[in-house]
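The values are calculated or read from the model by the stated rules, or taken from the named source; none is laboratory data. All of these numbers come straight from a predicted model, not from anything done at the bench. Reconstructed Cβ throughout: ideal geometry from the backbone, glycine too, with neighbour counts over all protein chains shown.
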Amino acid sequence: MTKSDKDKTYVWHPFDVIDLTENVCIKKGTGIYLHTQDGRKIMDAISSWWVNIHGHRNPHITKAVSKQLRYLEHVIFAGFTHEPAIKLAENLIKILPGNMSKVFFSDDGSTSTEVALKMAIQYWHNQKKTKNKIIAIEGAYHGDTFGAMSVGARGGFNQPFEPFLFDVEFIDFPNSENLECIHKFEKLCLSGVLAAFIYEPLVQGSAGMRMYTPEVLDKLLQIAKSNDVICIADEVMTGFGRTGKNFASSYCHSQPDIICLSKGLTGGYLPLGATVANQKIVDAFQSKDIHKIFLHGHSYTANPLACAAANESIRLLLSAECQNNILRINTHFSLLASQLNSHSKLQNVRSLGCVLAMDIKNEGDNSYFNPMRDSIYHSFLQKNILLRPLGNTLYILPPYIITEKQINQIYKAILDVLEEI
Ligand SMILES: Cc1ncc(COP(=O)(O)O)c(C=O)c1O
C-alpha cells in the first residue's frame with residue numbers, strides 16, 4: 001500500500017469526505033514552504049490553519065523546545081508547576097491589553113473559549129446571582145466543543161447537535177449596514193440576565209474573515225460593561241500580531257474581562273490554549289470553599305514543551321524584525337486590497353494587518369458551503385500555493401516571514417485563478 005492508501009485506510013481527517021479526500025503527505029516544513037513526500041514545495045499562505053506565525057521549523061523555537069526536552073516533557077499541573085509555564089504566564093500578562101491578572105492553561109482554541117464561558121458562568125454562580133444567558137454575534141465561531149458550538153453560528157457545521165446546544169442570544173453582525181443591532185444589544189444587556197458577551201474582536205475568522213470597526217466594538221463593550229456583563233474576547237485567531245497590533249483588543253479603549261488565546265501562541269509548534277482573566281474575575285474564585293473554586297483541568301494543561309515554544313514565539317513576535325515584517329505586510333495588503341477592489345470578479349476586498357480577504361462574485365450565497373471552495377482550493381494547490389477558501393471567500397493569512405516577492409507571487413496566482421473562473 002502507498003502512504004496515501006494507508007492514510008485513507010487508517011486515518012479520519014477533519015473535514016474528510018471519507019475514502020475520497022486525497023490528503024497531501026508532507027515530509028518537511030521550511031519557512032513558509034511545505035515539502036511533500038513526492039518532492040513538491042507548497043507555499044503555506046494560511047499559516048497551517050492560522051497557527052504558524054514565524055514559518056515552519058523556526059530555528060529559535062526548535063532550539064527552545066529541544067532544550068526543554070532535556071529537562072521535563074510534562075508534569076501534572078495541579079499541585080505542581082514549572083518554569084516555562086510561570087514565564088509564559090508572566091509574558092502574557094505583560095503584553096496583553098487591559099489589566100489582566102491570571103492565566104489558566106488548556107489545550108487549544110476550543111478549550112480556551114470553553115474555559116472562558118465556564119469562568120463567566122461560575123463567576124455569577126459563586127455570587128448567588130441569576131444571570132444565565134450568553135450573548136454572541138451571529139456568524140461567530142468559537143470552536144467545536146459543546147459550549148463553544150453553543151455560542152457559535154447555528155446551522156451548517158452544528159446542525160446535528162443543535163438540540164443539545166444551550167440557548168444563546170445573538171445580535172446581527174455589526175457592520176455599517178446593521179448598526180441597529182447595537183440597540184438590540186443594549187436592550188438585552190438591560191434585561192439583567194446576561195452573564196457574558198463573547199466575540200471575535202474586529203475579524204470573524206471562520207465566518208469568512210468578516211471585519212467590523214473598533215468604534216462599533218468599543219460601543220458594544222461600553223454597553224456590556226456598564227450593565228455588568230462579562231466581556232470575553234476570543235483572540236484565538238486575532239492574537240499575536242495577526243491584525244497588525246499584538247492583539248486586536250488593543251484597537252479599542254474598553255478592554256475585555258477575559259481573553260482566549262491559542263493558534264499563534266506557540267508559533268504553530270504545539271497545541272496550547274490560554275484563558276486570561278482580570279482581577280474582577282479572579283476575585284470571585286478566591287475561596288477555600290471547594291464548590292467555589294474552578295474545578296476544571298486537562299491532562300496536558302500547561303505542557304512544558306508547548307510553554308517553551310510559546311515563550312520563544314513571543315520573544316520573536318516582539319523583536320523589531322517581526323514587528324517590521326507585520327507593518328510591511330499590513331502596508332502591502334492594504335495596497336493589494338485597493339488594487340483588487342476594482343477587479344470585476346471580486347467584491348468586498350478587505351484587509352486588516354496580516355489578513356487580506358475578498359469575496360468572489362458568483363450565483364450562490366456568500367457562505368462556507370459555497371461549492372467554489374473546492375475548485376479554487378485545487379486550482380491554487382496545482383500552483384503549489386496553499387489557500388483554503390471559506391466558501392467563495394478567498395483569503396491570505398501568511399506567516400510573518402513572507403517576503404514581498406512571495407506575496408506578489410500569490411497576488412499573480414489570484415489573478416490567474418480569477419481568469420480561469
Ligand atoms: C476565533 C476562534 N476561536 C476558537 C477556535 C477554535 O480553535 P481550535 O481549532 O484550536 O480548537 C478557532 C479556530 O478556528 C477560532 O478561529
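Only one of the listed residues (188, 220, 179) is away from the ligand (no atom under 15 Å from the Cβ), out of contact with any strand residue (DSSP E or B) (no Cβ under 9 Å at 6 or more places or on another chain) and either closer than 19 Å to residue 252 by Cβ or not polar (S, T, N, Q) (or both). That residue is 179. Only one of the listed residues (254, 226, 287, 249) is hydroxyl-bearing (Ser, Thr, Tyr), touching a residue at least 40 places away in the same chain (Cβ under 8 Å) and surrounded by fewer than 20 Cβ atoms within 10 Å (Cβ to Cβ). That residue is 287.
Restricting attention to the stretch 129-167, and to residues there that are more than 15 Å from the ligand (Cβ to nearest atom) and part of a strand (DSSP E or B), which single residue is nearest to the chain's Cα centre (by Cα)? Give the derivation first.
Residues of the stretch 129-167 more than 15 Å from the ligand (Cβ to nearest atom): 129-133, 135, 154-155, 159-167.
Narrowing the set further to residues that are part of a strand (DSSP E or B) leaves 133, 135.
On the way: 133: 24, 135: 19 Å.
Filtering first and then ranking leaves 135.
Here the condition is being within 12 Å of the ligand (Cβ to nearest atom) and under 23 Å from residue 319 (Cβ atoms); of 248, 233, it holds for 248 alone.
Criterion first (more than 19 Å from residue 98 (Cβ to Cβ) and either in contact with a helix residue (DSSP H, G or I) (Cβ under 6 Å, 6 or more places away or on another chain) or hydrophobic (A, V, I, L, M, F, W, C) (or both)) does residue 170 satisfy it? Yes: the conditions hold for residue 170. For the stretch 46-98, a residue qualifies if it is in contact with a Cys (Cβ under 6 Å, 6 or more places away or on another chain) and over 20 Å from residue 236 (Cβ atoms), and exactly one does: 84.
Mind listing whichever residues of the stretch 214-242 are assigned to a loop (DSSP other than H, G, I, E, B) and in contact with a helix residue (DSSP H, G or I) (Cβ under 7 Å, 6 or more places away or on another chain)?
Residues of the stretch 214-242 assigned to a loop (DSSP other than H, G, I, E, B): 227-229, 235-242.
Those that are assigned to a loop (DSSP other than H, G, I, E, B) and in contact with a helix residue (DSSP H, G or I) (Cβ under 7 Å, 6 or more places away or on another chain): 227, 229, 235, 236, 237, 238, 239, 240, 241, 242.
When residue 266 is tested against (1) more than 30 Å from residue 73 (Cβ to Cβ); (2) touching a residue at least 60 places away in the same chain (Cβ under 8 Å); (3) hydroxyl-bearing (Ser, Thr, Tyr); (4) buried (at least 18 other Cβ atoms within 10 Å of the Cβ), only condition (1) is not met. Residue count for the stretch 97-128, restricted to those that are under 20 Å from residue 271 (Cβ atoms) and either free of Cβ contacts under 8 Å to residues at least 24 places away in the same chain or within 16 Å of the ligand (Cβ to nearest atom) (or both): 15.
Name the one entry in 275, 238, 243, 331 that is out of contact with any Pro (no Cβ under 9 Å at 6 or more places or on another chain) and within 16 Å of the ligand (Cβ to nearest atom). Walk me through how you get there before you give the answer.
Values: 238 fails: out of contact with any Pro (no Cβ under 9 Å at 6 or more places or on another chain); 243 fails: out of contact with any Pro (no Cβ under 9 Å at 6 or more places or on another chain); 331 fails: within 16 Å of the ligand (Cβ to nearest atom).
Exactly one of 275, 238, 243, 331 is out of contact with any Pro (no Cβ under 9 Å at 6 or more places or on another chain) and within 16 Å of the ligand (Cβ to nearest atom), namely 275.
Might you let me know whether the stretch 203-213 holds any residue that is farther than 11 Å from residue 174 by Cβ, touching a helix residue (DSSP H, G or I) at 6+ places or on another chain (Cβ under 8 Å) and near the ligand (Cβ under 10 Å from one of its atoms)?
Yes, that holds for at least one residue.
Tell me, yes or no, whether the stretch 169-177 has at least one residue that is closer than 28 Å to residue 396 by Cα and part of a helix (DSSP H, G or I). Spell out how you get there, then give the answer.
Just the residues of the stretch 169-177 that are closer than 28 Å to residue 396 by Cα, to begin with: 171-177.
Filter once more, so that each one left must be part of a helix (DSSP H, G or I): 176-177.
Within the stretch 169-177, one or more residues are closer than 28 Å to residue 396 by Cα and part of a helix (DSSP H, G or I).
Beta carbons closer than 7 Å, at least 6 apart along the sequence or on distinct chains, pair a first residue in the stretch 404-420 that is more than 18 Å from residue 327 (Cα to Cα) with a second that is in a helix (DSSP H, G or I) for 411/336; 413/380; 417/376; 417/379; 417/380; 420/379. The residues listed here are 147, 109, 156; of these, the one that is modelled with pLDDT under 95 and of a type outside the set (Ser, Thr, Tyr) is 156. Pairs linking a residue in the stretch 198-211 that is within 17 Å of residue 244 (Cβ to Cβ) and assigned to a loop (DSSP other than H, G, I, E, B) to a residue that is among the hydroxyl-bearing types (Ser, Thr, Tyr) and more than 8 Å from the ligand (Cβ to nearest atom), with Cβ atoms under 7 Å and 6 or more positions apart or on different chains, are 201/249; 202/212; 202/243; 202/251; 209/393; 209/395.
Hey, which of the strands (runs of 3 or more DSSP E) in the stretch 307-421, taking only ones fully inside, have at least 1 residues that are among the small types (Gly, Ala, Ser)?
Working: elements: 346-352, 355-360, 393-396.
Strands (runs of 3 or more DSSP E) meeting the threshold: 346-352, 355-360.
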